[in-house]
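Here the structure comes first, spelled out in structure tokens, and everything after it is commentary.
Where a number appears in this text, it was derived from the coordinates with a stated rule and is not lab data. Just so it is clear, the structure is predicted and the values come from calculations on it, not from any experiment. Neighbour counts run over all protein chains shown; Cβ positions are idealised from the backbone, glycine included.
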Amino acid sequence: MFTFIHCSLCVLFLMLTLRCVLWPVCRTKSRMSKNSSKVLNLKDKISGNEVDLSLCNLTEVPVRELALFPKATVVDLSCNNITSLPPEFCNLTHLVKVDLSKNQLTCLPDDLGNLSNLQHLDLYNNKLTVLPVSFSQLRSLKWLDLKDNPLEPGLAKAAGDCLDEKQCKQCATKVLQHMRAIQEEVDHAREKRLLKEKEQEKKKEAKQREREAREKEARKREKAEEKERRRKEYNAQMAALAAREQQKKKSEEKKKKNGQATDKKVVVESAPKPRRSFLSLLFKLLLLLLLGLAGVAAACQLTDLRKEAVCAPVNVAVEDGLSWARQQEVVVRQLLQNLSSAAKEFLESTQASKN
């Protein structure tokens, strides 16, 4: 029993493994076969220059397959569930007539205007509200049907009723005119926006130049201030140097003046020497005279000449002089002191006047 259960589990595990390994391959092959069937079906649906893909329950346009048949210029994609056209659809420039009526289209690609050969476009019973601006470039378009679409009022007015061939042709003409007006408005708005952006760029550049000019002026002012500061420092250094030189010069002049004053003082001090010599000579003469007189007086007093008549007046004078000298000793001393002080003051005043 245990062996049977074990074998059953092993078989189950093996089947699961094979499924996991083989399922992606089988799915890929199925997808490839499905795509191949599409191509084969597309070939089957081509009749001359027409491709009939209506009522195929398509949710997207087989753009790659259609591109393989450039001679198929008429494509019928009506009565499907297509919600949007891929951007690559705009590369099918060989298309002349396209029927997309009774689908679920909510918008068209922006480059729809690249379909330069498109003449007939049926968009009946979709969910379109607006058309791309490039729609105005469909210059070959001669027939257009936009009935039963929730179009915006301006576009709905231009599209009209489109109840017959004539009205559908008028719809193509008026819608192209309407879209060209919108294109002009868009171009004008774009030009205005570009002009505004250009003006803003100019203003930005002007502000940039103004900021650069301010920065340049600030750098220039800083350089000028730095130069002025260095100049002031240099002037201060030169002034200090000049002041030191002036002080040095004054000091030298002062020393020189002191030297000259010393020389003058020496000259002044040496100048009175002749006067002192004259006074000393005068004193010497007076001293000699006094000595002579003293010698005569001594001869007349101490020798035998005192009896002579010549010595009589001398003796009398000596006696009178001695008596007077005794009386005037103090006066003479004071007089000598006064003379000495006067002579000293005279010399000092003379020296001061010369200085």
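Taking each of Lys204/Lys232; Lys174/Lys198; Lys102/Lys174; Lys169/Lys192 in turn, the alpha-carbon distance tops 30 angstrom for Lys204/Lys232; Lys174/Lys198; Lys169/Lys192. The ellipsoid equivalent to the alpha-carbon distribution of region 98-166 has semi-axes of 17, 14, 12 angstrom, derived from the gyration tensor eigenvalues as √(5λ) and listed largest first. Taking Lys and Arg as +1 and Asp and Glu as -1, the other residues whose beta-carbon sits under 13 Å from that of Asp52 total -1.
For region 114-218, what D do you get in µm² per second when you plug the Kirkwood radius from alpha-carbon pairs into Stokes-Einstein at 25 °C and 0.890 mPa s? Roughly 150 µm²/s, to the nearest whole number. For region 58-129, applying the loop criterion from DSSP together with a ceiling of 14 other beta carbons within 10 Å to the GluC sites (Glu not before Pro) yields Glu60. Under the simplified labelling scheme, the Lys169-Glu212 pair shows an inter-label distance of 6.3 nm, with each label point 7 Å from Cα along Cα→Cβ. If the cut-off is 19 Å between C-alpha atoms, which aspartates and glutamates fall inside it for Lys147, apart from same-chain ones fewer than 8 positions away? Straight-line reach from Lys147, under 19 Å: Asp76, Asp99, Asp122, Asp161, Asp164, Glu165. The fraction of all Cα pairs in region 44-188 landing in successive 10 Å bins from 0 to the largest distance is 12, 45, 35, 8, 0, given as whole percents. So which of Lys196/Lys216; Lys223/Lys249; Lys43/Lys127; Lys249/Lys344; Lys256/Lys344; Lys97/Lys157 end up more than 32 Å apart by C-alpha? Table pairs above 32 Å Cα-Cα are Lys223/Lys249; Lys249/Lys344.
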